[in-house]
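Novice: Below are the C-alpha cells for one structure; questions will follow.
The values are calculated or read from the model by the stated rules, or taken from the named source; none is laboratory data. None of the values given here were measured: they were computed from a predicted structure. Cβ placement follows ideal geometry from the backbone for every residue including glycine, while neighbour counts extend to all protein chains displayed. Keep in mind that these areas ignore ligands, DNA and RNA; they rest on the heavy atoms of the full protein, side chains included. Shrake-Rupley method; radii C 1.70, N 1.55, O 1.52, S 1.80 Å.
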Amino acid sequence: FFGWIAAGRALRPVGALTARAQELSEENLHERIGYDGPQDELKELADTLDGLIGRLDEAFRAQRSFAAHVSHEMRTPLAIMRAEADLALADPSATARERGLAASVCDATERSEALLDSLLALARSESTMGDRAVVDLAELAGDVVGERIDRADAAGVRLDLELGADVEVAGDRWLLERLIANLVDNGITHNLHGGWLVVAVERRGDRAVVRTSNTGDRLTPDQVDDILQPFHRATDGRRPGYGLGMTIVCSVAKAHDGVVDVRPRDGGGLDVEVSLPAEPVSRRPVGAAPPRPVPAHR
C-alpha cells in the first residue's frame, strides 16, 4: 500500500506533464509546457519537448509566411500579363488569332489571381490576426451580396437577403468578408438555373450567425464531407474554382472561435451555418429604435 502511494506521488508530475502536452496543438504552438521542477530527468524531458514545440512553431510560421509572400509577389507579374493582354485586345490592328490568345491570357490570369486570393486568405486565417476590430456582419453581407446580384441574375439564381440587427463580431474585416463572399459564391456557382439562394445574418443570444441555403445537386453526407476538404472540386469539371471555398470558410471561422455546420438539403443543395461569438449589444441613444431586418429579393 505504501509502495503504491509512493509510486503515485513520484509519477504525479509525469501525469501533469502529459496533460499539458496534450493541450498543445497547431493553434497554440506559441505556448510551452513550462515545467517547473527540480533539475532531474523529468525536467530535462520537459525542456526537450519545449524545444521541439518551438521548432514546430517556427516551421508553421515559416510555411504560412511563405504562402502569404508568394501570393503577394505573384500579383505583380500577373498584373503585367493582364495589362499586356488588355492592350492586345484593344489594338484595332490585332488579328483574330492574337485576340484569341489575349483573351486566353486574360482568363488564365483571372483564375490565377483568384487562386492567389484564396491562398492568401488561408495563410492569413491560419496565422495571428493583426487587424481585429468590431465588424457589422449584416452590413458586410449586404455589401457582398450587392456586388454579386448581376452574377446571380446571369446564372438564373434568385438571390434573397435577410439582415438582422446587432450582429457584430470582433475580428478581421477582410477575412470575414472572404468568408461571406465564399459562401455566396458557392451558393451561386453550385446551383441550378432557375434556383434560389438565401443569405441570412442574425443574432441568436450571444452568437452571430451567417446562414446560406441554396438549391443545387443532391448530395450525400459523404460528399458534403469531401466538400470541406481543400482542393476538392466537382468531378464534372464544369464549374470554376479550385476547391478552396469551404476550406477558407472553415479556417476563417476557426480563427474567430466559430463553428461551421454544413448539411445537404433534402431537395438538393446545401444549408450552411456559421456561428461566431457576438459582441455585446451597443448602447443606442435614448428613444432610438433598433434597425429593422432588411429583406432584399432579386
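For (1) farther than 26 Å from residue 204 by Cβ; (2) among the hydroxyl-bearing types (Ser, Thr, Tyr); (3) modelled with pLDDT of 90 or more; (4) touching a Phe, Trp or Tyr at 6+ places or on another chain (Cβ under 9 Å), each residue gets a yes or a no:
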position: 116; (1), (2), (3), (4): yes, no, no, no
position: 123; (1), (2), (3), (4): yes, no, no, yes
position: 128; (1), (2), (3), (4): yes, yes, no, no
position: 148; (1), (2), (3), (4): no, no, yes, no
position: 155; (1), (2), (3), (4): yes, no, yes, no
position: 162; (1), (2), (3), (4): no, no, yes, no
position: 166; (1), (2), (3), (4): no, no, no, no
position: 178; (1), (2), (3), (4): no, no, no, no
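Novice: Is the stretch 189-207 home to any residue that is closer than 22 Å to residue 248 by Cβ, not polar (S, T, N, Q) and not in a strand (DSSP E or B)?
Specialist: Yes, the stretch 189-207 has at least one match.
Novice: While we're looking at this one, here's another question. Quick check on my filter: what residues within the stretch 170-226 are free of Cβ contacts under 8 Å to residues at least 60 places away in the same chain, β-branched (Val, Ile, Thr) and within 24 Å of residue 120 (Cβ to Cβ)?
Specialist: 180, 184, 188, 189, 199
Novice: Is there a residue in the stretch 215-227 that is within 14 Å of the chain's Cα centre (by Cα), crowded, with 18+ Cβ neighbours inside 10 Å and at pLDDT below 90? Explain how you work it out, then say what you get.
Specialist: Filtering the stretch 215-227 for residues within 14 Å of the chain's Cα centre (by Cα) gives 227.
Then drop every residue that is not crowded, with 18+ Cβ neighbours inside 10 Å, which leaves 227.
From what is left, the residues that are at pLDDT below 90 are 227.
Yes, the stretch 215-227 contains at least one residue that is within 14 Å of the chain's Cα centre (by Cα), crowded, with 18+ Cβ neighbours inside 10 Å and at pLDDT below 90.
Novice: Additional query: Restricting to the stretch 130-141, and then to whatever is modelled with pLDDT of 70 or more and surrounded by fewer than 18 Cβ atoms within 10 Å (Cβ to Cβ), can you tell me which residue is farthest from residue 69 (Cα to Cα)? Before the answer, list the steps.
Specialist: The first filter runs over the stretch 130-141 and keeps only residues modelled with pLDDT of 70 or more, leaving 132-141.
With surrounded by fewer than 18 Cβ atoms within 10 Å (Cβ to Cβ) added as a condition, the list becomes 132-134, 139.
On the way: 132: 21, 133: 24, 134: 27, 139: 30 Å.
The extreme case among them is 139.
Novice: Between a residue in the stretch 150-168 that is surrounded by 15 or more Cβ atoms within 10 Å (Cβ to Cβ) and any residue that is of a type in the set (D, E, K, R) and at pLDDT 90 or above, which pairs come within a Cβ distance under 7 Å, given they are 6 or more apart or on different chains?
Specialist: From the stretch 150-168, the pairs are 164/202; 164/203; 166/203; 167/136; 167/202; 167/203; 168/136.
Novice: Also: Could you say whether any residue in the stretch 170-182 is assigned to a strand (DSSP E or B), under 21 Å from residue 275 (Cα atoms) and more than 16 Å from the chain's Cα centre (by Cα)? It would help to see each step written out before you state the result.
Specialist: Our first condition is that a residue be assigned to a strand (DSSP E or B); within the stretch 170-182, this holds for 170-172.
This time we only want the ones that are under 21 Å from residue 275 (Cα atoms), so: 170-172.
From the residues that got through so far, the ones that are more than 16 Å from the chain's Cα centre (by Cα) too are none.
Checked against the condition, which is being assigned to a strand (DSSP E or B), under 21 Å from residue 275 (Cα atoms) and more than 16 Å from the chain's Cα centre (by Cα), the stretch 170-182 yields no hits at all.
Novice: Still on this structure: Restricting attention to the stretch 196-213, which residues are open to solvent by less than 10 Å² (accessible area, probe 1.4 Å) and more than 13 Å from residue 245 (Cβ to Cβ)?
Specialist: Step one: list which residues in the stretch 196-213 are open to solvent by less than 10 Å² (accessible area, probe 1.4 Å), which gives 197, 199-201, 208-210, 212.
Those that are open to solvent by less than 10 Å² (accessible area, probe 1.4 Å) and more than 13 Å from residue 245 (Cβ to Cβ): 197, 199, 200, 201, 208, 209, 210.
Novice: Within the stretch 66-74, identify whether any single residue is modelled with pLDDT of 75 or more and either open to solvent by 70 Å² or more (accessible area, probe 1.4 Å) or closer than 30 Å to residue 31 by Cα (or both), and answer yes or no.
Specialist: no
Novice: Residues that are closer than 30 Å to residue 56 by Cα, not in a helix (DSSP H, G or I) and not basic (Lys, Arg): does the stretch 152-163 have at least one? Write out each step before concluding.
Specialist: The initial filter retains those residues of the stretch 152-163 that are closer than 30 Å to residue 56 by Cα, namely none.
Among the residues of the stretch 152-163, not one is closer than 30 Å to residue 56 by Cα, not in a helix (DSSP H, G or I) and not basic (Lys, Arg), which makes the answer no.
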